[in-house]
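Asks: What follows is a structure written as structure tokens; I'll ask about it next.
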Amino acid sequence: MRKFLVVLDDSRECLNAMRYAALRAAHTGGGVTILSIIPPEEFQHWMGVSDLMRAEARERIEAHFEVFAKWMRDKQGVAPELVIREGDPVAEILAQMREDPEIGVLVLGAGTDKSGPGPLVTAMSRSSGSLPTPITIVPGDMSKETLEKIT
């Protein structure tokens, strides 16, 4: 089964990327893998504090995931899987794509700020020629209705 890999983070554009991935998976009989990455700089503290922060980050990610997963299951009939990795976001996305041969498309949301589409879109676009899968970049300000039409 072809899976859509989408990154779960705290950005506003993440919502449109999630919607797009779920809608495309529902219409094509595919799956969704939701990847959340805990950056290493969050754990530059003493060992005990670092373990507690890591556990809290995982709990926060799992709670956030459940909101999206419930919507995907209830509204789209898609049961997403959650993958949590720790490290540099770009390296971890690439690693996940290499390790899961069913991933067919990476879906990213583009930011709407004047500063650009965001660090992930920028970094992944730079290496798009050597990626193992295509990238779909979803505009962060695209309406829900437009997303439904194009998927």
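Asks: For the range 56-74, name all the residues that are of a type in the set (Asp, Glu), within 22 Å of residue 17 (Cα to Cα) and surrounded by 11 or more Cβ atoms within 10 Å (Cβ to Cβ).
Replies: Once the filter is applied, which keeps residues that are of a type in the set (Asp, Glu), within 22 Å of residue 17 (Cα to Cα) and surrounded by 11 or more Cβ atoms within 10 Å (Cβ to Cβ), the range 56-74 yields 62, 66.
Asks: Could you give every pair whose Cβ atoms fall below 7 Å, whose first residue belongs to the range 57-78 and is in contact (Cβ under 8 Å) with a residue 12 or more places away in the chain, and whose second residue is assigned to a helix (DSSP H, G or I) and of a type in the set (Phe, Trp, Tyr), counting only separations of at least 6 or pairs across chains?
Replies: Qualifying pairs under 7 Å: none.
Asks: Output the residues belonging to the range 28-55 that are at pLDDT 90 or above and surrounded by 11 or more Cβ atoms within 10 Å (Cβ to Cβ).
Replies: Hits for the range 28-55 are 28, 30, 31, 32, 33, 34, 35, 36, 37, 38.
Asks: Here's something else I'd like to know. Can you tell me which residue in the range 102-133 is nearest to residue 15 (Cα to Cα), limited to those that are at pLDDT 95 or above and out of contact with any helix residue (DSSP H, G or I) (no Cβ under 8 Å at 6 or more places or on another chain)?
Replies: Selected residue: 104.
Asks: Next up: So, in the range 83-125, how many residues would count as being free of Cβ contacts under 8 Å to residues at least 12 places away in the same chain and more than 23 Å from residue 40 (Cβ to Cβ)?
Replies: Total meeting the criteria: 5.
Asks: Spot the failing condition for residue 96; the list is (1) surrounded by 14 or more Cβ atoms within 10 Å (Cβ to Cβ); (2) in contact with a Pro (Cβ under 7 Å, 6 or more places away or on another chain), and only one is missed.
Replies: (2)
Asks: State whether one or more residues within the range 60-67 are closer than 18 Å to residue 30 by Cβ, modelled with pLDDT under 95 and within 14 Å of the chain's Cα centre (by Cα).
Replies: No; the residues of the range 60-67 include none that is closer than 18 Å to residue 30 by Cβ, modelled with pLDDT under 95 and within 14 Å of the chain's Cα centre (by Cα).
The values are calculated or read from the model by the stated rules, or taken from the named source; none is laboratory data. Predicted model only: the values in this text are computed from it and were never measured. For neighbour counting, all protein chains shown are included, and Cβ atoms are generated from backbone atoms with ideal geometry for every residue, glycine included.
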